[in-house]
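A quick write-up on the structure given underneath.
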Amino acid sequence: MTHSDLDRAWAAIIEDARRQIGDGAWDSWLAVLRPVSTDGHQLWVQAPSHARTWIEARLTPLLSASATRVMRRPLQVVLAPDEAPRPTAPGRTGGWSAAGDQAPAEPPPAERPFTPRFRFEEFVLGPSNRFAHAAALTVAENPGITYNPLFLHGPPGTGKTHLLHAIGQYARQHHEGMRVRYCTAETFTTEFTGALRTKGIAAFKERYRELDLLLVDDVQFLMGKKKTEEEFFHTFNALQEAGAQLVLTADRVPPEMGDLEQRLRDRFASGLAAEVEPPDVATRLMVLRKRITGQAIELADPGALEEIARHVSTSVRAVEAALVRVVAYASLTDRPLTASLAREVLGSLYPGRPRTPGQRTDDPVLAPVTVPHVLAAIAETFDVSQDDLLSKRNDRRLSWARKLAMYLAREETGASYPSLGRDFGGRNHTTVMTACRSVKERIDRDPSAQVDLTRVRSLLLDVRAGEGPAADGPQADRHG
C-alpha cells in the first residue's frame, strides 16, 4: 500500500472512530496518532511516547473496530515501536481535524493553532446556518460591542466549532494585539481542577481573565461540575465587566441545560443565541464540491457527490466523513469514484437512506450552477451589467467584480481556464488564472472581499434551489 493509500485509509478510520466517541477529550489524542505501515492484517501507528500506555489501553480497541469497518476485513491497529520511522506523507488527509493539534500533556490549548481551513471564507453557507454565520462575522468585526455573549447552539458537526475558529482567526488577523483564547469546556474543567491540585489557581485565573476574546466550545459539559461552574461564572463576569467578548457553543439552548446553575443559564442567554441546524441537501452538495476542489479529488461521475449528499443528512462532519470513506475505498480498490460505488460503500453505513435519487421526496432536485448564473449573481451584487463584466472596461470596482466572477465560476463549475477565458469575453487563460489567484489572496486578508464573496454565494445557493438571479444572455445554455 502506498503512503497516499495509507493516509486515505487512516483518515477514513479516524473519522469512523470520531463518530463513535463524539467530540470529547479523546479527540485530541486521535489527532496525534500517525499511520506508519500495514501488512493487511495489522496497521501500525505512532503515538507520543508519554501517552503510549494510555492510548494502547483505551484507543487501540476502538481504532481496530473502526479499521475493520472501513476496510471491510479484520484489521488490528497496534502501536509501532518508538524508533519506527514516520511515513513520508503523514497524516491528516480528507479534511479531518481536531479542535487542537496536541495531546493534553502537550502545550496548553491557548498555544494550539487554529485549524487553518476553519475560516469564514471556507464556511459553506445555507439556510440552516446563514444567521449564525452573520452573527459570528459581526462579532469578529466588532468584538465586545455587539452580541455579547454570542451563543451558538445546534447538533454536533453542524459548524459551530468552525465558526469559533473563524472568529478567532479573524480577530488575530484584523485586531492587532488582541488576546484570544479558544478552549472546550472540558479543557477549562481539566485545567481548573489541575490548578486546584497544584495550587496554581492564580496563574489559571490570569490565563482566562486577562483576555479580549474567549471562545468556549461545548459548554454543556459544565453541567454537574459545581466548582467548575462557579469558577466559570466568575470568569464570565470578570471578562464582561472588562469589555471582553465571549462566544460560546452548546448542543442545546440555555433554558434546556437543567443541570446548570440558573445564574449561568441567565448569563448565557443574556446576549444573542443563534442556531446552527443540520445542512439541507443543497448545502451538503456545496460542502462536497468544495472539499473535492480543495483536495484535487478526481470524480469519474459527478453523481457520486449527489449520492453522498442524499445519503448523509445529519451534519457537515458526517458528510465529510462519508466522502473520506468513499474516496478511500475507491483508492484502495482501484475503482473509479462513481455514484454506484458511493451507494455500495454508504448503503450499509446508512441503511435507511435512499438508494436512488428518485426515492427521496424531501430533498429538492439540485440545479447546477453555470457560468451565466455566476455572472448574473455578480451583476446583481455589484449593480453592474453582464455586458460590462465581459467588456474590456477596467475601472477598479468592475475589475474586482470580474475577477470575483472568474474565481467563483472556476470554483462552482470546475471549468478549465481556457474555457472560462472564452466565456469571459475571449480572454487569455492566463488572465483567468491570475485573476483566480489574486482573488484568493485578497480574500485571505481583506474582510470586505470576504463579505462580497458571502453575498454572491448566498445568491448561488438560491440558484441551486431553483431560485435566485436568472441566467440569461447568449451564454445561458452553454454550460447547462
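In terms of solvent-accessible area of protein heavy atoms at a 1.4 angstrom probe, what is the ranking of Glu191, Glu56, highest value first? The partial results should precede the final answer.
Details: Glu191 30, Glu56 110 Å².
Accessible-area ranking of Glu191, Glu56, largest first: Glu56, Glu191.
List every residue whose amide H lies under 5 Å from the amide H of Arg34, counting only residues 5 or more places away in sequence or on a different chain, with H placed 1.01 Å from N in the peptide plane.
Residues meeting the criterion, in which the H sits 1.01 Å from N, are Gln46.
When the accessible area of the range 227-287 is computed with all protein chains present and a 1.4 Å probe, what percentage of it is carbon and sulfur? Intermediate values should be presented prior to the final figure.
Working: 980 of 2350 Å².
Heavy-atom surface of the range 227-287 belonging to carbon and sulfur, 1.4 Å probe: 42 percent.
Go through the range 298-305 residue by residue and turn each phi into a ³J(HN,Hα) via Karplus (6.51, -1.76, 1.60, θ = phi - 60°); whole Hz please, and just put x for glycine and proline.
8, 9, 7, 8, x, x, 4, 5
Would you please name the GluC sites (Glu not before Pro) within the range 201-286 that are DSSP coil residues with at most 15 other C-beta atoms within 10 Å of their C-beta?
Numbers: sites: Glu206, Glu210, Glu229, Glu230, Glu231, Glu241, Glu256, Glu261, Glu275; in loops: Glu210, Glu261.
Counting only loop positions with at most 15 other Cβ atoms within 10 Å, the GluC sites (Glu not before Pro) in the range 201-286 are Glu210.
Roughly how big is the range 365-407's charge dipole about its Cα centre, with Cβ charges of +1 (Lys, Arg) and -1 (Asp, Glu), in debye to the nearest 20?
240
What number comes out for accessible area per residue over the range 183-330 if the probe is 1.4 Å? Units Å², please. Could the numbers behind the result be given before it?
Details: 5770 Å² over 148 residues.
About 39 Å² of surface per residue is accessible.
Pairs to check: Lys160/Lys226; Lys160/Lys227; Lys160/Lys403; Lys160/Lys290. Give those whose C-alpha atoms are more than 22 Å from each other in this structure. Working shown, then result.
Details: Lys160/Lys226 25 Å; Lys160/Lys227 26 Å; Lys160/Lys403 31 Å; Lys160/Lys290 18 Å.
Pairs exceeding the cut-off: Lys160/Lys226; Lys160/Lys227; Lys160/Lys403.
Which value, to two decimals, describes the C-alpha radius of gyration of the range 175-242 once divided by 2.2 N^0.38 Å? Don't skip to the answer; put the middle values down first.
Working: Rg = 11.8 Å, N = 68, 2.2 N^0.38 = 10.9 Å.
In units of the 2.2 N^0.38 Å rule of thumb, it is 1.08.
Ser438 accessible area, nearest 10 Å², 1.4 Å probe?
The accessible area comes out at roughly 40 Å².
Under a 5 Å amide H to amide H cut-off, with H placed in plane at 1.01 Å, what residues pair with Leu43 once short-range neighbours are removed?
Answer set, sorted by chain and number: Gln76, Val77, Val78.
Please compute, over every Cα-Cα pair in the range 365-433, the percentage with a separation greater than 21 angstrom. Please report the intermediate quantities before stating the final value.
Values: 378 of 2346 pairs.
Cα-Cα pairs of the range 365-433 separated by over 21 Å account for 16 percent.
Using only the alpha carbon atoms of the range 406-450, find the Kirkwood hydrodynamic radius as the inverse mean reciprocal pair distance, in angstroms to one decimal. Please list the in-between numbers first.
Working: mean 1/r = 0.0935 Å⁻¹.
Computed over the range 406-450, the radius equals 10.7 Å.
If you wrap a convex hull around the C-alpha atoms of the range 108-199 and split its volume per residue, what is the figure in Å³? All intermediate terms of the calculation are to be shown ahead of the outcome.
Working: hull volume 11.0 nm³, N = 92.
In the range 108-199, the Cα hull volume divided by residue count equals 120 Å³.
The values are calculated or read from the model by the stated rules, or taken from the named source; none is laboratory data. From a predicted model like this one, the values you see are computed outputs, not experimental measurements. FYI the Cβ positions are ideal-geometry reconstructions off the backbone, even for glycines, and counts take in every protein chain you see. Accessible surface is based on the protein model in full, side chains and every heavy atom, while ligands, DNA and RNA are left aside. Shrake-Rupley method; radii C 1.70, N 1.55, O 1.52, S 1.80 Å.
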